[in-house]
Structures are given as C-alpha cells and as structure tokens.
Amino acid sequence: MDFDNSRSLEWIETNGLGGYASGTVSGAHSRRYHGLLVAPLQPPVGRAVLLSKLDETIEVNSGSGQLLRYELGANQYPGAIHPAGFQFLEFFKRDIFPVFYFNAGGIKIKKTIASVHGENTTLVVYDVVEAASKFTIELLPLYSSRDYHSLTHANDAIGRQYLFDEGVFRTVNYHGGTEFFISVPRSRFSENQGWYYNFEYCVEQYRGLDFQEDLFTHGKFFLELSKGDQLGIIISTENPTGWEAIKMLEAEKKRREKMIAQFASDESLKRLVLAADQFVVKRGALNTIIAGYHWFADWGRDTMISLTGLCLATRRFKEAKQILKQFASSVSEGMLPNRFPDNGELPEYNTIDATLWFFHAVHRYVDYTEDKAFIKTILPVLIDIIDWHYKGTRYNIKVDPEDELLSGGAEGVQLTWMDAKVGDWVVTPRRGKAVEINALWYNALKSTEFFLQHLSRSSEAQAYAQKAAKVYHSFNSTFWNESLGYLYDFIDGNLKNDELRPNQLYALSLPYPLIDGARGKSVLGIVTSALLTPKGLRSLGPNAEAYKSRYVGDIWARDGCYHQGTVWSFLLGSYIDALFNVEPVTAVAKSKEIVHSFLKHIDEAGVGTVSEIFDAEPPYTPRGCIAQAWGVGEILRVILERNLISMASTVPIRTVN
C-alpha cells in the first residue's frame with residue numbers, strides 16, 4: 001500500500017464518553033491526537049493519550065533455520081519511515097469497525113480495533129486467517145500519558161514501575177496520573193525500558209505547530225499463534241482481569257448492528273448512522289454532543305444544529321431529550337453556553353446564535369415526538385430567554401425597539417458561528433444585526449407561538465405572532481440589497497455589509513422563511529453560482545478582497561481564512577432546505593445529485609465520516625477535524641427528511657488498498 005495515501009486516511013473509534021482510539025491507515029501517527037487509548041478524565045473532556053501505539057512484529061522460521069521478521073507497524077522519523085509495515089497491508093475496510101488485512105510472508109492476519117461504549121476501553125483483535133506454521137508475534141506498547149493537546153519528550157519523571165501478572169500489564173506513567181492496563185492473554189513480557197525518540201506528526205507540522213514527540217516503553221509482549229487462532233487484547237483504565245476481548249467485541253458489534261438495523265440495506269446511510277453515534281456522549285447523567293474529533297468538546301451551537309440529524313432523524317428520541325435538558329439546565333441570563341471548556345471549567349457564553357438554535361432544536365424534537373409534556377417543561381425556559389433578549393443580556397445582545405430586530409456585539413468578542421479569533425484579533429466580528437441571527441430570531445418567536453398554540457394558550461401565542469410579524473416586515477425592508485439581488489450579511493448602524501456569504505440561506509431554509517418569491521430565487525441563484533461546491537458551501541464569495549482559497553499555514557493564517565472562503569460541509573443542509581422551499585419542482589433531482597457527489601467524501605480523510613471543512617477550490621482538500629457533528633448530522637438529516645435515500649444507496653463503498 002502507498003504510504004502517502006494510507007497516511008492521509010484516518011480512522012476513529014469512540015466510546016460514548018468523549019474518549020476514542022484513532023490513527024492512520026498506514027499505522028504511522030500524523031497527529032498528536034492519535035492514540036489507541038485516549039481517555040476523558042473528566043468525561044467528556046480532559047482527554048489524555050494513555051497508550052499511543054501497539055506496534056506488531058511477526059517472527060517465523062523460514063524452514064531452513066532462518067528467522068524471518070515482518071514489522072507491521074509504521075512510524076515517521078526525521079528523514080525516515082520505520083518500520084514500513086504498510087507494505088504488508090493488503091487493504092483496509094471501515095464497516096462496523098476499522099479492519100486491517102495484512103499479508104506478511106504468507107501469514108495473513110485480520111486486525112480489528114473497537115472502542116467499547118460507555119468505557120475507557122479499546123479492543124484490538126487479531127484473527128490468523130492463514131499461516132503455514134506457528135509464528136511468534138511481538139507487541140511493543142508505546143505511551144506518553146499526556147494531555148491530548150500537548151506532546152511528550154524524554155524525561156526522568158516517567159514511571160519505571162509496572163506489574164505483569166497472568167497476561168495483564170499495569171502501570172502509572174506519572175505520579176498522580178491515570179493507571180492503565182494492557183491485557184494480552186497467554187503472553188510473556190520481556191522488560192526493556194527506554195525512550196523512542198523523534199516521532200514526527202506531519203499534520204502538526206503542516207499546521208505550524210510542534211510536531212516531534214518521544215514515546216516510552218517498559219518492554220514487549222510475546223506469544224505464539226497458529227492458523228485459526230484469535231488473539232484479543234484489552235487496553236483500559238479499569239483492571240480487565242477476567243474480561244474476554246472476543247465476547248466484548250461481539251457485544252459491541254451487536255449494539256451497533258441494532259442501531260443501524262433499519263438502515264442496513266443502504267450502505268451509505270448505515271455508515272452515516274454509525275458516524276452519528278460517535279458524537280453522542282455522556283456528560284454526567286445526561287447526554288451531550290461532541291462537536292468534532294479530535295479536539296472539540298461539546299458546543300451549544302454545534303449541538304443544536306446537529307441534533308436533528310444525529311438523534312431525531314435516527315429515532316434516538318431519548319438521547320435528544322436528554323441533550324435538550326442538559327443545555328436547558330445551563331441557560332444563564334437568557335443565553336445557552338457556547339461551549340463547555342476542555343478541563344471542566346465553567347461554561348462560556350460568548351454566542352448569540354446557539355441560544356436561538358435551541359428554539360429550533362426544541363421545535364424539531366416536538367415535530368418528531370409530539371411530546372406535549374416536554375413543551376410544558378421547557379416553555380418557561382424559552383420565554384425567559386426571549387424576555388432577556390428584549391431587556392438585554394451579555395455582549396450588548398438586545399432587541400432594537402425601533403424595528404424588533406436582534407443586535408449584538410462587543411469589542412474583541414466573536415458571537416456568530418463565524419467565530420475565528422487569534423489573540424485579540426476577531427477575524428469576522430459581524431457586529432450589529434447579522435442576517436442569520438435575525439432569521440433565527442424570527443423563527444424563535446414563531447416557535448414560541450407554535451408551542452403556546454400547542455398548549456391551547458392562544459392569547460399568549462398571539463402576542464408572539466405580532467412580535468414575529470414586526471420582525472418579518474423589518475427584516476425585508478432592512479436586509480434586502482436591491483442592487484445586488486441578495487441580502488446584506490450584517491448591518492451595524494450606517495454600515496451595510498454586502499459581502500456574499502452563505503448566512504443568508506437561513507432566511508430561506510428555516511421552518512419559517514423570511515423571503516420567498518423572486519427574492520428567494522435571486523438569493524438562491526447567486527449563492528448557487530458563487531458559493532456551492534461538491535463538498536459544501538464557501539464561506540465567502542470568490543470575488544471578495546478577503547477571499548482565501550486554501551486553508552494552510554500557521555494558526556494566524558488558518559484562522560484568518562477559516563470563514564473567508566473555506567468550504568463548510570454542514571451548510572449543505574440549509575442549502576438543500578432552501579432548494580425545497582424555493583424550487584420545489586426541481587429540488588429532488590438537484591438534491592440527489594448533490595448528495596451523490598458529496599457521499600464520495602466518506603471514503604477520504606476520516607474514513608466513514610464527514611470532515612469539518614475543505615479548501616475553497618479544486619480538489620477541495622479536506623481540512624480541519626476529520627469528523628464533525630454538524631457535517632454528519634446535516635447530510636444525514638436531509639437524506640432522511642427529504643427522502644434522498646435512493647441516490648445515497650448508489651454510491652459505491654470503496655475498499656482502501
């Protein structure tokens with residue numbers, strides 16, 4: 001297998017707690033975030049890379065007394081790739097689990113990796129498919145035991161103590177750190193402590209960050225295998241004595257098969273539903289949604305946008321309800337948290353739209369479930385949020401009494417989804433009245449009217465209907481740019497920003513549209529012409545002075561173009577909704593074509609999932625997170641809600657070889 005190609009393809013297994021196992025198909029790590037056991041120490045955050053790698057070597061007698069060694073692992077060092085086990089990898093397949101098929105000197109091995117749901121446990125199972133005689137497998141554990149944002153370098157503080165008893169190895173690498181276990185049944189352990197130096201992570205280098213790391217080992221595991229043997233390894237933060245990896249793998253397989261049973265006849269849908277499961281995790285007694293892997297925690301905006309696709313369209317109503325309760329319990333001064341920080345600190349509230357997306361998510365939950373009891377529970381929270389927006393809350397977020405439009409912004413703060421900030425530089429501040437914010441504000445008022453009507457509180461509902469009607473009138477008279485034929489992106493006093501951005505789509509695509517007719521057709525036509533790509537929508541029109549076509553360079557360069565042209569996959573959801581609202585006759589055919597083209601992506605970058613962003617020009621290289629909640633959620637939602645399944649099923653599933 002080609003190294004560059006296999007290194008560009010990544011896999012990830014998640015455990016429902018925020019933890020995961022992840023790497024590249026080549027076997028060589030390309031990110032600091034890769035590891036076989038990455039465990040959240042304060043679920044779902046506080047993630048630590050406990051076991052980085054478990055590299056395999058096969059040793060077999062040639063028959064003439066000569067020992068032949070085949071190293072199946074791979075690592076990148078300065079100027080060298082060693083070992084080069086990818087040359088023995090016949091192919092890789094991502095189905096229920098990531099599976100690697102090796103052929104080394106006629107010994108054929110199937111390797112399966114799985115994270116166990118609800119546990120900080122990774123399983124690695126080897127099936128010996130073919131072997132002419134017995135052989136020895138050596139397993140080299142390499143670890144760093146560090147925060148997953150950092151890197152480790154050789155030091156004297158590393159813990160040299162370990163225990164190995166009846167096939168179970170245990171150690172704590174640093175004083176006060178987390179103990180972890182490696183169970184290798186029937187094995188013997190040979191101590192050979194030391195550091196392996198200068199592993200290089202190419203993606204970190206491309207991102208302009210530190211990219212070299214040293215990893216430690218206490219030694220190697222050894223055992224003999226023959227054709228037909230199955231070896232199950234358990235890597236966990238809990239003592240696995242008495243556990244059976246094969247049975248655990250089968251139980252996890254059954255859990256996933258049950259989840260995808262209703263979609264099993266459609267390969268693309270099945271894979272997207274499996275991908276969706278990776279983002280739904282526990283925070284305390286309730287559920288939440290991880291925004292993206294590898295480095296995001298749970299964000300309010302991402303959660304509310306992705307909830308319909310991840311949970312409602314897949315019939316996971318219980319989790320959806322828990323997620324809504326989770327965020328409702330954290331509302332403060334009429335605002336939903338923007339994010340829960342990575343180390344368990346208090347939530348951050350620097351967002352104007354996450355709160356408004358909350359109304360949308362609740363509305364969609366009610367659409368799917370008709371849960372009137374939940375409306376009664378949640379409605380006081382929603383009404384309180386609206387009241388805060390009228391009287392004013394953080395960051396000057398307040399309804400303008402003259403036109404009923406919602407405004408917000410403060411120096412040095414990023415409040416909309418275009419939230420890139422480096423140091424004190426807010427790249428796209430968009431202060432004042434932003435177009436999608438007011439589309440969401442209108443929908444929040446209409447949703448509240450809907451909930452009140454649902455509870456037969458008609459007189460109260462009428463009051464919100466009147467507020468919404470004022471917003472509708474003001475929006476159309478304020479945001480329409482007659483000369484350009486589309487909507488202003490934001491208005492701040494006398495400034496009317498006319499940059500062509502996809503934000504205006506929400507005035508067409510939300511359940512309660514603000515524009516239609518000729519204006520709607522004009523907006524959709526211009527957005528289609530300038531912003532639509534096979535991977536999503538550009539965040540800025542190509543003719544803009546600030547437009548950037550490639551997401552490359554250090555953090556200043558990357559964040560400087562994050563919303564300045566970079567393509568976002570999740571925006572396809574709103575685009576397809578707009579198609580159905582504006583061009584209902586042709587929407588099905590056009591949407592199927594879009595979906596068919598996009599689904600080819602799930603076999604590149606993060607295999608089996610959807611990337612966060614892409615370069616703005618061909619070949620639209622995937623960038624950012626390899627697995628993004630709203631990217632998966634939105635494409636899954638429109639496929640299911642718009643009945644685009646027939647086109648999804650025609651996309652072939654490629655085996656990487």
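The values are calculated or read from the model by the stated rules, or taken from the named source; none is laboratory data. None of the values given here were measured: they were computed from a predicted structure. Reconstructed Cβ throughout: ideal geometry from the backbone, glycine too, with neighbour counts over all protein chains shown. Just the protein is used for accessible areas: all its heavy atoms, side chains included, with ligands, DNA and RNA removed. Shrake-Rupley method; radii C 1.70, N 1.55, O 1.52, S 1.80 Å.
Assorted remarks:
- For the chain, the per residue solvent-accessible surface stands at 36 Å², with DNA, RNA and ligands left out and a 1.4 Å probe.
- CD proxy at 222 nm, helix term only [per DSSP H run n ≥ 4: -39500 (n - 2.57); per residue of the chain; nearest 500]: -9500 deg cm²/dmol
- Set of aspartates and glutamates with alpha-carbon distance to LYS220 below 17 Å, sequence-local pairs under 8 removed: ASP55, GLU56, GLU59, GLU71, GLU138, ASP165, GLU166, GLU191
- Sorted peptide list for 276-282, 478-484, criterion being average Cβ within 10 angstrom, highest first: 276-282, 478-484
- Computing Rg and Dmax of the Cα atoms in Å directly from the structure and comparing it against [x] 26.1, 92; [y] 28.9, 104; [z] 24.4, 79 singles out [x].
- Each peptide in 418-425, 327-334 receives the mean, over its residues, of other Cβ atoms within 10 Å, and ordering these scores from highest gives 327-334, 418-425.
- Helix axis angle, 245-260 relative to the chain longest principal axis, alpha carbon, degrees: 20 degrees
- Angle in degrees between helix 353-369 and the longest Cα principal axis of the chain, rounded to the nearest 10: 80 degrees
- When each of the peptides 596-602, 559-565 is scored by how many other beta carbons lie within 10 Å of its residues on average, the order from highest to lowest is 559-565, 596-602.
- Only Lys, Arg (+1) and Asp, Glu (-1) charged, at Cβ; region 309-387 dipole about Cα centre in debye: 500 debye
- Top positive-direction residue, dipole computed over the chain with Cβ charges, set TRP243, ILE375, TYR488: ILE375
- The mean sequence distance of close C-alpha pairs (under 8 Å, at least 6 residues apart), as a share of the length of the chain, puts its relative contact order at 12 percent.
- Axis angle, to the nearest 10 degrees, between helix 317-328 and the longest C-alpha principal axis of the chain: 70 degrees.
- Anisotropy class of region 458-605 from Cα gyration tensor, a/c 1.5 cut: oblate
- Taking Cα centre as origin and charging only the Cβ of basic (Lys, Arg, +1) and acidic (Asp, Glu, -1) residues, the dipole magnitude of the chain rounds to 1220 debye.
- For the chain, share of DSSP beta bridges that run antiparallel, in % to the nearest 5: 100 percent
- Over 27 Å apart at the Cα level, from the set LYS398/LYS470; LYS93/LYS600; LYS433/LYS600; LYS270/LYS535, are LYS433/LYS600.
- Full extension of the chain segment joining LYS470 with LYS134 gains 113.0 nm, where the gain is 0.36 nm per residue of separation less the Cα-Cα distance.
- What a 1.4 Å probe finds exposed on the chain is 49% carbon and sulfur by accessible area, rounded to a whole percent.
- Taking Cα centre as origin and charging only the Cβ of basic (Lys, Arg, +1) and acidic (Asp, Glu, -1) residues, the dipole magnitude of region 232-293 rounds to 160 debye.
- Note on GLN161 and ILE645: with the Förster distance fixed at 56 Å, the Cβ-Cβ geometry gives a FRET efficiency of about 0.50.
- Alpha-carbon centroid distance for the pair region 411-476 / region 269-321, whole angstrom: 24 Å
- Stretchable slack from ASP387 to GLU545, in nm (0.36 nm times residue separation minus alpha-carbon distance): 52.9 nm
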